[in-house]
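A short write-up of the structure that comes next.
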Amino acid sequence: MVRGARRIVLFVLLCCAMVLFMLYEDILVLYHHIPYDRVCNAAANCDRPKSRTVSSNNTDPNSPHSLDLSMDNFDPGQIQPYGSPSSRAQELIKAVIIICDTIPHGRALLESLLEVDPARQCQSKIVVEMTNRFDWEVKDKELLKRSEKGGVLHGRLFFVANNPVEQLYLENAVGWKVPNGVRLLRPLGLSKDYEYPAELPPAKDTDFIARAFYCGSVYSILSNQYEIPINIVPAAAHYGGPGNLLAFKGFIDFPYQYSVMKFYENIAYGVPQFIPTPRLLEQVLKNGLHCADWVSVPLLKRLIAHSSHRTDPSSDSDPKFPKWSHLMDFYNPLFRPFVYYFDSFQELADLNLQFKNSGRKEIDTKQVRVKGREFYIELRKEIVRGWADLFREMGFAINIKP
């Protein structure tokens, strides 16, 4: 129980919200995905939602251990474009600010630490929770690098990464050295449950499911040329969360980022995932069959070559899992027992033929539907402990609520 804890404001994107969504109960959550020109014109946008209480249940993937804080969701539309009352403005002056997912959204906070006048500096402690490259789409990076000095001098910056790539990228590609290190705190694997969309083809336990991306043709090739039964969800559509994937034989996914929230959610829900080996992923990227904009194998090879990142010695000689691939959680030894890998399109087609007339349970030879859930219940406890330690380091009296 937190006694007299000050509130915390969390800057997040929708895709990152579920990383910490269920973790805190005394946190104000501000979603960046809402357009800044959106006017507060409806009760749903203007009214403050009630605090959400999170309980713990060791068998329910949606009920993790919590830090017993209270959480409010805050729509930025409330302060755009006019009309925010003074009382509401004061509520947004927080002791801790967490910048999630796309860090450049909080660049003004970082650069405020460079101001000579203390009155112009952000006085809050700032947690930088990295998900997709610290300097994502930033062009004038020299100015950004100056913020490192400001953050170190003021001792107000705390760094968290939700996957192994981020720290190496921060240190080697951006050039920031973090004195107190970067905490690796992976996503909690939480998701809301939604109804399966009626506009999608009916779910069949003899079919796979995949979500198309905005470029590339791998899923249509698997479906048309290799005759693998795949329910391909259009890129602009949704399938309603990991709970709906359980009705299928498995989820086929070609990574388009170094880590994505759905990967962790699927393991936590016990969804069998079928993912190309690193070799096959590198091949389809080179051949232009899959999007390469957000995944750079050459970058990962450079990062692993200039780091002391420890890999699993038992798999170092396996050509299917070279050292650079361990930086992607899709291939990290920690998660590998709960993922099915295929090294060619034909290999996946052969696997489908082997279980062509079988249901979704028969193909799950690793028992991911059971063991994945069990694994993530324990991992989630470790993640919550990591966040608790971080807040204790910042001076908060935090106890974990079982």
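The values are calculated or read from the model by the stated rules, or taken from the named source; none is laboratory data. This structure is a prediction, so every number in the text was calculated from the model and none was measured. Positions of Cβ are generated from backbone atoms using ideal geometry, with glycine treated the same way; all protein chains shown enter the neighbour counts. Protein only, heavy atoms only, side chains kept; ligands, DNA and RNA dropped before computing areas. Shrake-Rupley method; radii C 1.70, N 1.55, O 1.52, S 1.80 Å.
Quick check: residue separation of ALA95 and ASP193 times 0.36 nm, minus the Cα distance between them. What number comes out in nm? Before the final figure, lay out each step's value.
Working: separation 98, 0.36 × 98 = 35.28 nm, distance 3.24 nm.
The span from ALA95 to ASP193 would gain 32.0 nm if fully extended.
Pick out, in residue order, every one of the GluC sites (Glu not before Pro) in the range 223-286 that is DSSP loop and has at most 13 other C-beta atoms within 10 Å; say none if there are none.
Values: sites: GLU227, GLU265, GLU282; in loops: GLU227.
Listed in order of number, the matching sites are GLU227.
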Pulled fully out, how much extra length does the chain show between ALA397 and GLN367, if you take 0.36 nm times their separation in residues and subtract their Cα-Cα distance?
6.8 nm
Net charge near TYR341: determine it from the other residues with C-beta under 12 Å of the C-beta of TYR341, scoring Lys and Arg +1 and Asp and Glu -1.
0
By the gyration tensor of its Cα atoms, with a ≥ b ≥ c the square roots of the eigenvalues, what is the shape of the range 207-254: rounded for a/c under 1.5, prolate for a/b over b/c, or oblate?
oblate
Put a dot 7 Å past each Cα toward the Cβ at CYS215 and ALA349; how far apart are the dots in nm?
2.7 nm
Pull up all non-local amide H partners of PHE159: gap of 5 or more, or a different chain, and H-to-H distance under 5 Å with H placed in the peptide plane.
VAL128, ARG183
Which residues' amide hydrogens lie under 5 Å from the amide hydrogen of ARG211, considering only partners 5 or more residues apart or on another chain, with H built in the peptide plane?
VAL233
Which order do the peptides 127-137, 363-373 come out in when sorted by mean C-beta neighbours inside 10 angstrom, highest first?
127-137, 363-373
With a 1.4 Å probe and all protein chains left in place, how much of the accessible area of the range 252-378 comes from carbon and sulfur atoms, in whole percent?
51 percent
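Can you pick out the pairs among LYS125/LYS262; LYS125/LYS177; LYS177/LYS301; LYS262/LYS361; LYS177/LYS320 whose Cα atoms lie more than 23 Å from each other?
Working: LYS125/LYS262 29 Å; LYS125/LYS177 18 Å; LYS177/LYS301 20 Å; LYS262/LYS361 21 Å; LYS177/LYS320 32 Å.
The pairs that break the limit, which is 23 Å between Cα atoms, are LYS125/LYS262; LYS177/LYS320.
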Please report the spacing between the Cα centers of the range 157-229 and the range 251-312 in Å, no decimals.
9 Å
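For the ranges 290-298, 159-167, 239-247, 378-386, what's the packing order if you count other beta-carbon atoms within 10 Å of each residue, average per peptide, and put the highest first? Mind dumping the intermediate values first?
Working: 290-298: 15.3, 159-167: 24.0, 239-247: 19.8, 378-386: 17.1.
The densest-packed peptide leads the list: 159-167, 239-247, 378-386, 290-298.
Excluding ligands, DNA and RNA, what is the solvent-accessible area per residue of the range 182-262 at a probe of 1.4 Å, expressed in Å²? Intermediate values should be presented prior to the final figure.
Values: 3380 Å² over 81 residues.
Per-residue value: 42 Å².
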Anisotropy class of the range 278-402 from Cα gyration tensor, a/c 1.5 cut:
oblate
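Largest first, what is the accessible-area ranking of HIS105, HIS238, HIS326 with a 1.4 Å probe? Kindly include the intermediate steps, with their values, before the conclusion.
Values: HIS105 85, HIS238 130, HIS326 0 Å².
These residues rank, largest area first, as HIS238, HIS105, HIS326.
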